[in-house]
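Inspection log for the structure reproduced underneath, given as structure tokens.
Bear in mind that the values in this text are calculations on the coordinates, not laboratory data. None of these values were measured; they are calculated from a predicted model. Cβ: placed from backbone, ideal geometry, glycine included. Neighbour counts: every protein chain shown.
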């Protein structure tokens, strides 16, 4: 199938598919005129790649996980699970930092509200 059909069937843009190829996540064969051609398997692969992106993984990390899909083995599976655990830990640290940042903003907002109330009280007749 050609790139437009794959994009339509997988629910992604043609631009995304080209990006996936640039990153080494997807491969195609080329016709004599240079058109990309894909297989039925590529629809599933693109859907899987989309799920990995939706989980917050970068293209670099996805590249590290694909051997588990392309060459299933216990070793590749263990490596993929370890890599996903590292990403989960990274996300958890980021969430913790975001909560700290939100709490700091809440403190600033409370100070600003208190200051506003002092101004109102000072201006009251």
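The table that follows gives values for the structure above.
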{"item": "Selection from the range 67-99 of residues that are in a helix (DSSP H, G or I), exposed (fewer than 10 other Cβ atoms within 10 Å of the Cβ) and more than 21 Å from the chain's Cα centre (by Cα)", "result": "74"}
{"item": "In the range 67-84, the residues that are out of contact with any helix residue (DSSP H, G or I) (no Cβ under 6 Å at 6 or more places or on another chain) and farther than 20 Å from residue 22 by Cβ", "result": "71, 72, 73, 74, 75, 78, 79, 81, 82, 84"}
{"item": "Filter result (assigned to a loop (DSSP other than H, G, I, E, B) and either out of contact with any helix residue (DSSP H, G or I) (no Cβ under 8 Å at 6 or more places or on another chain) or loosely packed, with under 14 Cβ neighbours inside 10 Å (or both)) within the range 30-66", "result": "31, 32, 33, 34, 35, 39, 55, 56, 58"}
{"item": "Lone qualifier among 17, 25 - being buried (at least 17 other Cβ atoms within 10 Å of the Cβ) and either touching a residue at least 40 places away in the same chain (Cβ under 8 Å) or on the phi > 0 side of the Ramachandran plot (or both)", "result": "25"}
